[in-house]
1. Can you name every residue in the stretch 111-143 that is among the hydroxyl-bearing types (Ser, Thr, Tyr), at pLDDT below 85 and within 23 Å of Thr167 (Cβ to Cβ)?
2. Tell me the residue from Ala165, Ala146, Ala154 that is modelled with pLDDT under 85, aliphatic (A, V, I, L, M) and either over 34 Å from the mean Cα position of the chain (by Cα) or surrounded by 17 or more Cβ atoms within 10 Å (Cβ to Cβ) (or both), please.
3. Restricting to the stretch 124-170, count the residues that are in contact (Cβ under 8 Å) with a residue 40 or more places away in the chain and out of contact with any Pro (no Cβ under 6 Å at 6 or more places or on another chain).
4. So Val106 fits all but one of (1) more than 25 Å from the chain's Cα centre (by Cα); (2) modelled with pLDDT under 75; (3) under 24 Å from Thr167 (Cβ atoms); (4) among the aliphatic types (A, V, I, L, M); what number is the exception?
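The values are calculated or read from the model by the stated rules, or taken from the named source; none is laboratory data. The structure displayed is predicted, hence computed values, not measured ones. Cβ sites come from the backbone with ideal geometry, for glycine too, and all protein chains shown count toward neighbours.
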Amino acid sequence: MRPARGRCKGWIVRNYDLEFLKKFSIMIGFLALLALGLLVGSWLLHKSQPIEVPESVARRTEMRIAPVGAVYAGSTGAAAQAAAAAAAAAAASANVAYDGTLDGSVIFNNLCAGCHGSGAGGAPTMASAEWTARIAQGVETLHRHAIEGFTGSAGVMPPKGGNPALTDEQVIATVDWMLDNLQ
């Protein structure tokens, strides 16, 4: 007895081949469903686990949401306030420009010569003729303009020469040095 045959696009397909294809297709479908189930299960398991935040991110978040100020009350509060003020003063003194030097020539050559050497921005050069009207206003006015900044018709003087790390004493020493060294 000959096995039954079917035709499929010019090929002869036997019954046992059809049975194999049916079983193979069922097996492939089962494996695809199993893989899909495993993917969904792993996704659900992943979503149920808490997310670990790196320590650096947690530190940055704590610094960002930390309170800006603090309340000091009573005698312990006064001591804490004094300690905070002392720490702030120490931190500010550590950030003084040019190591806190009061030598006007050092500050002039490193900062002021850029404008006062070339006259940029309307700055008077070290020629005494350019300073006569300014000196007539008084040395205290020159000090104040150098510390606080000044905008006039002749030009602009940025506060502390554009370096906020300078102390008032350093600015005054530099202005005095400049006045003593006019040509």
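1. None; the set is empty.
2. It is Ala154.
3. Count: 13.
4. Among (1) more than 25 Å from the chain's Cα centre (by Cα); (2) modelled with pLDDT under 75; (3) under 24 Å from Thr167 (Cβ atoms); (4) among the aliphatic types (A, V, I, L, M), Val106 violates only (2).
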